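Participant: Handing you a structure now.
The values are calculated or read from the model by the stated rules, or taken from the named source; none is laboratory data. In this text the structure is predicted, and so the values were computed from the model without any measurement. Note: ideal-geometry Cβ built from the backbone for every residue, glycine included; neighbour counts use all protein chains shown. All accessible areas refer to the heavy atoms of the entire protein, side chains included, with ligands and DNA or RNA removed. Shrake-Rupley method; radii C 1.70, N 1.55, O 1.52, S 1.80 Å.
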Amino acid sequence: MIKTDILIIGAGPTGLFTVFEAGLLKLKCHLIDALPKPGGQCSEIYPKKPIYDIPAYPEILAGDLTKKLLEQSKQFEPGFTLGERAETIEKQGNGSFIVTTNKGTKHQAPVVAIAGGLGSFEPRKPVLKNISNFEDKGVAYMIKDPEVYRNKRVVIAGGGDSALDWSIFLSDVASEVTLIHRRNEFRGALDSVEKVQDLKNKGKINLITPAEVTALFGHNKLESIEVTKTGGIPQRIDTDAFIPLFGLSPKLGPIANWGLEIEKNAIKVNNALDYQTNIPGIFAIGDVNTYPGKLKLILCGFHEATLMCQAAYKIINPGKRLVLKYTTVSGVDGFDGSRKEAPKSVVKSID
Amino acid sequence: MSSDINIKITDRLGVTHTIEAPTDMALNLMEVVRMYELAPEGTIGVCGGMAMCASCQCYVQSTHELPEKSDDEEAMLSEAFHVKSNSRLGCQIQMIPEMEGLEVELAPEA
Ligand SMILES: Cc1cc2nc3c(=O)[nH]c(=O)nc-3n(C[C@H](O)[C@H](O)[C@H](O)COP(=O)(O)OP(=O)(O)OC[C@H]3O[C@@H](n4cnc5c(N)ncnc54)[C@H](O)[C@@H]3O)c2cc1C
Ligand code: FES
């Protein structure tokens, strides 16, 4: 059982900034995300695109914003459960909650902050009739740990950045990489496309286009796939792994059944106060919540996270008073023993 | 208003809505669908209109001459599901006076 003060569901910008604000109040956080990496929409949908409305950043790439948020909260040592979806929530007698993921990992906390954005990112699965039989037995829709493919034969399908980037990466790890796409054209960063071309020329990536994977075979695990070139005859390829990368789409999913008031696919909260939901102790912040005048913007999520942490503090430390402290004045004390503080000005006479 | 055009949008439940879309707000079809809430929040416009998610895919039923597909739109449609010969991405169709009378049906949620 993982225990923490604030359990955050969703490691997008809102969830990541919550770690910092909570840390200032000496509250520990643990984050759960269905994605294998933090950043939410910023890392899944548009990591290489600029954002222009983050206060004080005239321009910042979404991927860099994620990096900076992680760096900012690092000294508060957040825990992460990545690549798992929060599935169920149970209220305990002592008022705390236990949240269990689809992989069975259990987390306990007195406060739960849902920062789930548009929902948990779920892979778009190709339509192949027995594909679900091979899930986790050769078929994977995202790559959590590339090492599991060391010296294995891998088939990747897809035509976007992740298909290109993983083909490049795995060409050094796997014994054999085959990339299959419905068209001859790929869409990705120019250097990725060129790199794949280069690896293909060197025989390190086996490229099959325009083609589609049309069947999967195997007994207890995936053993081979059938690929059909447009207008051609099906061909079999022996493989240890098949990784279709057709992007992920967000689904509110199990949270919709947690007894929370839902409106327009979002969780209703009290915006006059602290973004608490209809269940005391459960908050919803960032894109996942709704209230009159709600705007789904990163800066709004930051504000909501900050106010939510004040309310969480009162739940976790009943009866204790809290005064606002400026980081400039009181510095930042990390849970790792680090301390950041403003340099003292010197007091010295001038002759 | 004179700058409005009339378009017909059939939602994912099969209901056809006739709506007025402004042409002076640089809106695209996906944004019009969201403005009139013809599809639940979060099920359309996921990528914000960058031709990167296909949540705004629609089937064009009228014979309007639409702008050619960009490489991005072409690439996205080649990876989307439920694609037909008249599929387009709503976020790539701008609301301009030439679109008067446009008729589209939203593709199923993928
Ligand atoms: C193309 C594009 C451009 C944008 N441009 C801007 C811009 O210029 N300025 C701006 O302010 N905003 C912009 N946005 C919006 C901005 O990205 C969002 O407001 C922001 O990402 C919301 O952050 P969040 O942390 O609330 O949610 P998200 O970033 O959506 O993160 C939520 C996370 O929660 C996870 N999750 C949800 N449910 C579960 C569950 N049950 N179990 C496990 N994990 C779960 C999801 O997997 C996801 O990773 C843009 C969005 C897009 C798509
Ligand atoms: S809104 Fe994402 S492709 Fe149109």
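Participant: Say each of B:Ser3 and A:Asn271 gets a label point 7 Å from the Cα, pointing the same way as Cα to Cβ; how far apart are those two points in nm?
Facilitator: That separation, rounded to one decimal, is 2.7 nm.
Participant: For region A:125-246, what does the equivalent ellipsoid look like in terms of its semi-axes, each the square root of 5 times an eigenvalue of the Cα gyration tensor, given largest first in whole Å? Write down the numbers at each step before the final one.
Facilitator: Details: eigenvalues 86, 57, 33 Å².
Each semi-axis is the square root of five times an eigenvalue, giving 21, 17, 13 Å.
Participant: At 222 nm, what helix-only mean residue ellipticity would the protein assembly as shown give, in deg cm²/dmol to the nearest 500, using -39500 (n - 2.57) for each DSSP H run of four or more?
Facilitator: Working: 9 runs with 89 residues, N = 461.
Per the formula, -5500 deg cm²/dmol.
Participant: Under 14 Å from the Cβ of A:Ala312, count the other residues' Cβ atoms, weight Lys and Arg +1, Asp and Glu -1, and hand me the total.
Facilitator: Working: positive: A:Lys26, A:Lys28, A:Lys314, A:Lys320; negative: A:Asp5, A:Glu21, A:Asp274, A:Glu304.
Around A:Ala312, the charge tally is 0.
Participant: I'd like the interface area for chains A and B: accessible area of each alone minus the complex, both sides summed, 1.4 Å probe, protein heavy atoms only. What is it in Å² to the nearest 100? All intermediate terms of the calculation are to be shown ahead of the outcome.
Facilitator: On the way: alone 18600 and 6190 Å², together 22960 Å².
The contact between B and A buries close to 1800 Å².
Participant: Follow-up question, since we're still on this one. Quick one: if you stick a label point 7 Å off each Cα along the C-beta vector at A:Lys137 and A:Lys202, how many nm between them?
Facilitator: 3.6 nm
Participant: With a probe of 1.4 Å, find how much accessible area the protein assembly as shown has per residue, and write the answer as a whole number in Å². Don't skip to the end; give the middle numbers.
Facilitator: On the way: 22960 Å² over 461 residues.
Roughly 50 Å² per residue, with all protein chains present.
Participant: Follow-up. As I understand it, the dipole of chain A uses +1 on the Cβ of Lys and Arg and -1 on the Cβ of Asp and Glu, about the Cα centre. Which of A:Tyr57, A:Ala215, A:Val347 lies farthest toward its positive end?
Facilitator: A:Val347
Participant: So, one more: Determine the principal axes of the Cα atoms in chain B, then give the extent along each, sorted from largest to smallest and rounded to whole angstroms.
Facilitator: The principal-axis extents, from largest down, are 39, 28, 24 Å.
Participant: Kindly tabulate the residues in region B:62-99 with an accessible-area decrease of at least 30 Å² between the chain alone and the assembly of all protein chains, using a probe of 1.4 Å.
Facilitator: B:Ala75, B:Ser78, B:Glu79, B:Phe81
Participant: Follow-up question, since we're still on this one. Binning every alpha carbon pair distance of region A:1-111 at 5 Å from zero, what are the percents per bin?
Facilitator: All Cα pairs, binned at 5 Å, distribute as 2, 13, 21, 21, 18, 13, 7, 4, 1, 0 percent.
Participant: Ignoring ligands, DNA and RNA, what percent of the accessible area of chain B is carbon or sulfur (1.4 Å)? Intermediate results must be reported in sequence, preceding the final value.
Facilitator: Details: 2600 of 5300 Å².
Carbon and sulfur atoms account for 49 percent of the accessible area of chain B.
Participant: Label 7 Å along Cα→Cβ of A:Asp145; region A:68-94 residues with amide nitrogen under 16 Å?
Facilitator: From region A:68-94, the list is A:80-84.
Participant: Over all pairs of distinct alpha carbons, what does the Kirkwood formula give as the hydrodynamic radius of region A:183-321, in Å?
Facilitator: About 20.2 Å for region A:183-321.
Participant: Further, regarding this structure: For region A:275-351, evaluate the Debye formula with one uniform point scatterer on each Cα (no solvent term) and list log10 I(q)/I(0) at q = 0.12, 0.13 Å⁻¹, rounded to two decimals.
Facilitator: Log-scaled intensity ratios, in q order: -0.55, -0.62.
Participant: Quick one: order A:Arg236, B:Arg12, B:Arg88, A:Arg339 from most to least accessible surface, probe 1.4 Å.
Facilitator: Values: A:Arg236 145, B:Arg12 70, B:Arg88 20, A:Arg339 110 Å².
Sorted by accessible area, descending: A:Arg236, A:Arg339, B:Arg12, B:Arg88.
Participant: Then there is this: Please compute the length gained on full extension between A:Val193 and A:Lys152, using 0.36 nm multiplied by the number of residues separating them and subtracting their Cα-Cα distance. Before the final figure, lay out each step's value.
Facilitator: Numbers: separation 41, 0.36 × 41 = 14.76 nm, distance 2.34 nm.
Answer, rounded to one decimal: 12.4 nm.
Participant: Follow-up question, since we're still on this one. Quick check of the Kirkwood formula: for the protein assembly as shown, what is the inverse mean of 1/r over all pairs of different Cα atoms, in Å?
Facilitator: Working: mean 1/r = 0.0410 Å⁻¹.
So the Kirkwood estimate lands at 24.4 Å.
Participant: How large is the dipole of the protein assembly as shown about the Cα centre if only Lys and Arg carry +1 and Asp and Glu carry -1, each at its Cβ, rounded to the nearest 20 debye? Walk me through the intermediate numbers first.
Facilitator: Working: 50 positive and 58 negative charges, 368 e Å.
The dipole of the protein assembly as shown has a size of about 1760 debye.
Participant: May I pose another question? Going highest first, how would you order A:206-214, A:282-290, A:41-49, A:258-266 by mean Cβ packing within 10 Å?
Facilitator: Working: A:206-214: 17.8, A:282-290: 27.7, A:41-49: 19.4, A:258-266: 16.1.
With the highest mean Cβ count within 10 Å placed first, the list reads A:282-290, A:41-49, A:206-214, A:258-266.
Participant: Angle, helix A:62-73 long axis vs. longest principal axis of chain A, Cα atoms, 0 to 90°, nearest 10?
Facilitator: Long axis of A:62-73 versus the principal axis of chain A: about 40 degrees.
Participant: Still on this model: Taking amide H atoms as placed 1.01 Å from N in the peptide plane, list the residues 5 or more away in sequence, or in a different chain, whose amide H sits under 5 Å from that of A:Glu223.
Facilitator: A:Phe217, A:Gly218
Participant: Right, another one. Mind jotting down the distance between the C-alpha centroids of region B:26-43 and region A:137-183, whole Å?
Facilitator: So the separation of the two Cα centres works out to 35 Å.
Participant: Also: Provide a list, ordered by number, of residues in region A:216-265 showing at least 50 Å² less accessible area with every protein chain present than when their chain is taken on its own, using a 1.4 Å probe.
Facilitator: The answer is A:Lys264, A:Asn265 - residues whose exposure falls by at least 50 Å² when every protein chain is included.
Participant: Further, regarding this structure: Can you list the HN-Hα couplings for region A:162-167, worked out from phi with the Karplus curve (6.51, -1.76, 1.60; θ = phi - 60°), rounded to whole Hz and with x for Gly and Pro?
Facilitator: Running phi through 6.51 cos²θ - 1.76 cosθ + 1.60 with θ = phi - 60° gives 6, 4, 5, 5, 6, 4 Hz.
Participant: Starting from 0.36 nm per residue, how many nanometres of slack lie between B:Leu66 and B:Glu98 once their C-alpha separation is accounted for?
Facilitator: Contour length minus Cα-Cα distance gives 10.6 nm.
Participant: Quote the relative contact order of region A:23-123 in percent (integer), defining contacts as alpha-carbon pairs under 8 Å separated by 6+ residues. Present the calculation step by step, with values, prior to reporting the outcome.
Facilitator: Values: 135 pairs, mean separation 28.9, N = 101.
Taking the mean separation of contacting Cα pairs over the length of region A:23-123, I get 29 percent.
Participant: Relative to the longest principal axis of chain A, what angle (0 to 90°, nearest 10) does the C-alpha long axis of helix A:298-316 take?
Facilitator: 60 degrees
Participant: Could you tell me the distance between the Cα centroids of region A:9-53 and region B:66-97, to the nearest Å?
Facilitator: 32 Å
Participant: For labels at A:His303 and A:Lys129 in the simple 7 Å Cα→Cβ model, what's the distance in nm?
Facilitator: 5.5 nm
Participant: Moving to a separate point now. Rounded to the nearest 10 degrees, what's the angle between the helix A:13-24 long axis and the longest principal axis of chain A, both from Cα atoms, 0 to 90?
Facilitator: Relative to chain A, helix A:13-24 is tipped by roughly 30 degrees.
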